[in-house]
Amino acid sequence: MAWEQVSGSTRLLSHAVGVALRRAVVSLETGPFSRWRWPGPTPERLVIAPQDIRTADPTLAADIYGGIFTFAGQVVETGGRSPFEVPPPSPGWARQLHGFGWLRHLRAADGALNRQNARALVADWIAQEAKAPALAFEPEVLARRVLAWITQSPLILEDADRAFYRRFLRSLVRQVRRLRIRFLDAPDGYPQLLSSIAVAEAALSMDGQSRLVRQASHRLDLELERQVLPDGGHISRNPGVILELLTELLPLKQAYAARGLSPSAALLGAVDRMMPMLRFFRHSDGAFGQFNGM
C-alpha cells in the first residue's frame, strides 16, 4: 500500500511538472518578451536552400493542384477550398498536411503552374497561421515545416513579389523562434534532434545569423552526442530513425560548407557512424528492413 501511495505521488508530481513546463513554454511563446528572443538581427533574405534528398513523385503534383491530398492512407478532396480549411479526417493526415513535406512533389514536377500552386498554398497557411490547430505547432511538425519551407524555398519564392517574400520570411522567423522554445516541450529522442536540425538549417540559410548558427550548432552537437550511439544506432533502437536522420543531416552538412563553415566533429562523427549502420539494415535489393515498429 505504501509503495502504491509513493508511486501515485510520483506520477502526480511528474504530471504537475509537465503541466508547469508546458505553461512556461506557452508563456515564453506569447509573453511580452517574445519579440526579443531572436539572437541577432532579423534576417532579410535567404542565402542558401539546402537540398531535399527525399524521393519525390512528380505525378502527385497534379493531384495536389486538383485539390486531392493523400496523407496517412486517407484521401481528401478539397472541392476548391484551401486544404487548411477542410476538416481533417485524422490527426495523422493533418500532421502531414501541416508538415509540408509534400512540397517536394511540386518541385519535382516543376513548371510555373506548380510554383504558383506552392506559393498559393504557403500563402494560405500564413494567412491562417494564428488560427492553425495546436498539432501544427507540435515540435516535430513545426520542425518538418521549417525544413520543408527552407529546402523548397526556390520553388516557393521564384517569381514571388517582394510583399510575399517578406510575409514568407516573417512567418519563417516566427516559426524558428517558436521552435527554439518548443524544444523544451518536445518529446525526448527524435523530435528533439529533428528540432535541433531544423533550427541549425534555418540559421545557416538566413543572412546575418552568425550568433544563431553558433547557438544552434552547439545544441545540435549535444543532441547528436546524446542520441547517436557509438555503433551508429539511434537511442530509440529504431533503424528507421537512422534513415530519417541521414536524409536531414547530409544536406545540413553541405549547408555548412556552402556558408564557408566546417561541420562540427559531432556532426561528422554521427554521419560517419550511421552510414555503415544504414548499409547493415539494407537488403541486397536496396530495400530497407521492415521491423521494430517500422
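Numerical summary
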| quantity | calculated |
| --- | --- |
| Members of the range 101-112 found to be surrounded by fewer than 17 Cβ atoms within 10 Å (Cβ to Cβ) and part of a helix (DSSP H, G or I), listed by number | Ala112 |
| Inter-residue pairs, beta-carbon under 8 Å, first touching a residue at least 40 places away in the same chain (Cβ under 8 Å) and in the same structural domain as Pro87 (by TED's automatic domain parsing) and in the range 135-150, second aromatic (Phe, Trp, Tyr) and surrounded by fewer than 24 Cβ atoms within 10 Å (Cβ to Cβ), 6+ apart | Pro139/Phe183; Glu140/Tyr190; Arg144/Phe100; Arg145/Phe100; Ala148/Phe100; Trp149/Phe100; Trp149/Phe168 |
| Filter pass, Arg167 being surrounded by fewer than 20 Cβ atoms within 10 Å (Cβ to Cβ), at negative phi and not aromatic (Phe, Trp, Tyr) | yes |
| Unmet requirement for Arg115, which otherwise passes all of (1) modelled with pLDDT of 95 or more; (2) closer than 24 Å to Ala202 by Cα; (3) part of a loop (DSSP other than H, G, I, E, B) | (3) |
| When residues of the range 192-214 are limited to those that are β-branched (Val, Ile, Thr) and farther than 18 Å from Arg170 by Cα, the one surrounded by the most Cβ atoms within 10 Å (Cβ to Cβ) | Ile197 |
| Criterion (assigned to a helix (DSSP H, G or I), closer than 14 Å to Pro43 by Cβ and in contact (Cβ under 8 Å) with a residue 24 or more places away in the chain) met by exactly one of Phe164, Phe183, Phe168 | Phe168 |
| The range 232-268 - residue that is part of a helix (DSSP H, G or I) and among the hydroxyl-bearing types (Ser, Thr, Tyr) and, of those, farthest from Arg54 (Cα to Cα) | Tyr256 |
| Positions within the range 56-77 being in a loop (DSSP other than H, G, I, E, B) and surrounded by 14 or more Cβ atoms within 10 Å (Cβ to Cβ), in sequence order | Ala56, Pro58, Gly67, Ala72 |
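The values are calculated or read from the model by the stated rules, or taken from the named source; none is laboratory data. Treat the numbers as computed from the prediction; the structure is a model and nothing was measured. Cβ atoms come from the backbone with ideal geometry, glycine included; neighbour counts cover every protein chain shown.
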